[in-house]
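Comments concern the structure below.
The values are calculated or read from the model by the stated rules, or taken from the named source; none is laboratory data. What you are looking at is a predicted structure, and each value in this text was computed from that prediction instead of being measured. Neighbour counts are summed over all protein chains in view; Cβ atoms, including those assigned to glycine, are modelled from backbone coordinates with ideal geometry.
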Amino acid sequence: MASDYLPFLIQAALAALITGGVIGASHFFGQRMAKNRIKDTAYECGLASEGVGRTRFSVKFFVTALLFLIFDIEVVFLIPWAFIYREFLAQNLPILGPILFFIGLLVLGLVYEVRKGALEWEK
């Protein structure tokens, strides 16, 4: 029974070792605080940062991200269906109707988004 957990224990130990190694290397080889430097300042390419660090984004970016997530999750539901489609056909179970209904709802949602202009960047 203990041999069943051996691959997991090896993977967990390896992950802990790599994590500790990266944190240790960052600590030993990382940038040290000097007398004239301010600790924890932004540093990029040897140049002082310009402008504001936090900029405001338009809501359109977030809407596009949410739409991407919705249609990405659709794939998560369709891939298992594609793998088991033959098994359902072999057992004479109706599966095409519910999947077509699901895809139809997604197409209706996409048509709604296009009509509302959610995918247009400039108005």
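Residues checked against (1) assigned to a helix (DSSP H, G or I); (2) at pLDDT below 85; (3) out of contact with any Leu (no Cβ under 9 Å at 6 or more places or on another chain):
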| residue | (1), (2), (3) |
| --- | --- |
| PRO80 | yes, yes, yes |
| ILE84 | yes, yes, yes |
| GLU87 | yes, yes, no |
| LEU93 | no, yes, yes |
| VAL107 | yes, no, yes |
| VAL111 | yes, no, yes |
| GLU120 | no, yes, yes |
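Among the numbered criteria (1) in contact (Cβ under 8 Å) with a residue 24 or more places away in the chain; (2) surrounded by 10 or more Cβ atoms within 10 Å (Cβ to Cβ), which single criterion is violated by TRP121?
In the conditions (1) in contact (Cβ under 8 Å) with a residue 24 or more places away in the chain; (2) surrounded by 10 or more Cβ atoms within 10 Å (Cβ to Cβ), TRP121 misses (2) alone.
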